[in-house]
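Before any comments, here is the structure.
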Amino acid sequence: MSSAVAVAFITVVLVVGGLIGYAIYQWGRQHAISNKTRAELTTSEEYRRLSEMAVTAQEHTELKLAEINMQLAQLRDQLDQVQKVLRDVE
């Protein structure tokens, strides 16, 4: 009977070891998926932040362009006045 007990003990050890191995494999797999998902979220957050920065930069550029257009219009008015004075002097 002792050989039957030894075989049963070895079988139990192998089954328990297999279950523990499978549990460790599944835990590692879930951990890898979790890390991948976290990395993807971080990347999407970085893209969102970059796009917000791009929008802000675009808004600043539009404001500066409007200011330059206003200054250019003033310069055109001044040039027109100078040309009128020059024509009157001729």
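Structure values in brief
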item: Search result, residues across the range 69-90 that are of a type in the set (V, I, T) and open to solvent by less than 100 Å² (accessible area, probe 1.4 Å); result: V82, V85
item: Scan of the range 32-45 for residues that are open to solvent by 90 Å² or more (accessible area, probe 1.4 Å) and not basic (K, R), ordered by number; result: E40, L41, E45
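The values are calculated or read from the model by the stated rules, or taken from the named source; none is laboratory data. Computed from a predicted model, the values in this text were never measured in an experiment. Note: areas computed on protein heavy atoms with side chains; ligands, DNA, RNA excluded. Shrake-Rupley method; radii C 1.70, N 1.55, O 1.52, S 1.80 Å.
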